[in-house]
Ligand SMILES: Nc1ncnc2c1ncn2[C@@H]1O[C@H](COP(=O)(O)OP(=O)(O)O)[C@@H](O)[C@H]1O
Ligand SMILES: [Mg+2]
């Protein structure tokens, strides 16, 4: 299992201690494409943040790529995140003052490796070609459409060759055609690179693109199915 959540319980202080996740149990094999489907407020983002190591304030166990996230120190966890996990957000989260190429290469600076500029630029170029956005490399994100911005965000995500891609409502700000293209890209990365994908969505139709659907409601897994 590349992701294993056991009896996850989570409450936010500000929300008077009412549990947002009550007993989260999820197991995902390497190479799977899993959709987490649930209504707004059901705890999907909370769950994804725990898997991605962004939130360690919970009860239970989260084992990701063989590591028990709560037992890791801050620096080890942040290196682990950089090397293993990529996030895609509904709002793209690109830096507005950097070009698309710089946005894509940004994680390389965080990772602190001493790769030379030319090599970094080359890898950024390859990532952008992979998602068909290389012609916008020198533009700032503000000049791109939503679908193009999300492709830059995907190029940034795959730049580090992560084992796990976590996408939180990645098509929420896109029209249906652009959204479909984004999903096609995820499926290609899953199929060809063996990247494990978790797609969080409230959209039944989108969820059907995954090989397995995990339904959550009120902070609990309430069902699982495999779309035809
Ligand atoms: N930082 C926070 N502080 C307090 N409550 C929060 C916080 N984040 C989320 N919540 C609450 O937790 C519940 C689940 O939120 P979330 O995981 O974002 O759900 P979803 O992504 O399924 O819409 C909601 O009731 C939300 O209001
Ligand atoms: Mg959410």
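Some observations on this one:
- Looking only at segment 57-72, and only at residues there that are within 16 Å of ligand 1 (Cβ to nearest atom) and not in a loop (DSSP other than H, G, I, E, B), the one that is surrounded by the fewest Cβ atoms within 10 Å (Cβ to Cβ): 59
Conditions tested, residue by residue: (1) assigned to a helix (DSSP H, G or I); (2) free of Cβ contacts under 8 Å to residues at least 60 places away in the same chain.
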| residue | (1), (2) |
| --- | --- |
| 166 | no, no |
| 178 | yes, yes |
| 187 | yes, no |
| 190 | yes, no |
| 198 | no, no |
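- Selection over segment 73-111 of residues that are at positive phi and surrounded by fewer than 19 Cβ atoms within 10 Å (Cβ to Cβ) gives a count of 1.
- Pairs, first free of Cβ contacts under 8 Å to residues at least 60 places away in the same chain in segment 30-57, second more than 9 Å from ligand 2 (Cβ to nearest atom) and assigned to a loop (DSSP other than H, G, I, E, B), C-beta under 7 Å, six or more apart: 49/55; 50/58
- Within segment 135-147, the set of residues being farther than 22 Å from residue 175 by Cβ and crowded, with 18+ Cβ neighbours inside 10 Å comprises just one member, 137.
- In segment 159-175, the qualifying residues are those that are surrounded by fewer than 23 Cβ atoms within 10 Å (Cβ to Cβ), under 11 Å from the mean Cα position of the chain (by Cα) and away from ligand 2 (no atom under 12 Å from the Cβ), and the one that is modelled with the lowest pLDDT is 162.
- Qualifying residue in segment 73-84 (condition: within 13 Å of ligand 1 (Cβ to nearest atom), touching a strand residue (DSSP E or B) at 6+ places or on another chain (Cβ under 8 Å) and either free of Cβ contacts under 8 Å to residues at least 60 places away in the same chain or closer than 20 Å to residue 225 by Cα (or both)): no
- Taken over segment 38-56, the criterion of being within 12 Å of ligand 2 (Cβ to nearest atom) and outside any helix (DSSP H, G or I) is satisfied by 38, 39, 40, 41, 42, 43.
- Answer residue from segment 9-25, given it is within 16 Å of ligand 2 (Cβ to nearest atom) and modelled with pLDDT of 90 or more and is surrounded by the fewest Cβ atoms within 10 Å (Cβ to Cβ) among those: 12
- In segment 31-53, the qualifying residues are those that are more than 19 Å from residue 209 (Cβ to Cβ) and more than 11 Å from ligand 1 (Cβ to nearest atom), and the one that is farthest from the chain's Cα centre (by Cα) is 53.
The values are calculated or read from the model by the stated rules, or taken from the named source; none is laboratory data. Computed from a prediction, not measured in an experiment: that's the story for all the values here. In this analysis, Cβ positions are derived from the backbone assuming ideal geometry, glycine residues included, and neighbour counts consider all displayed protein chains.
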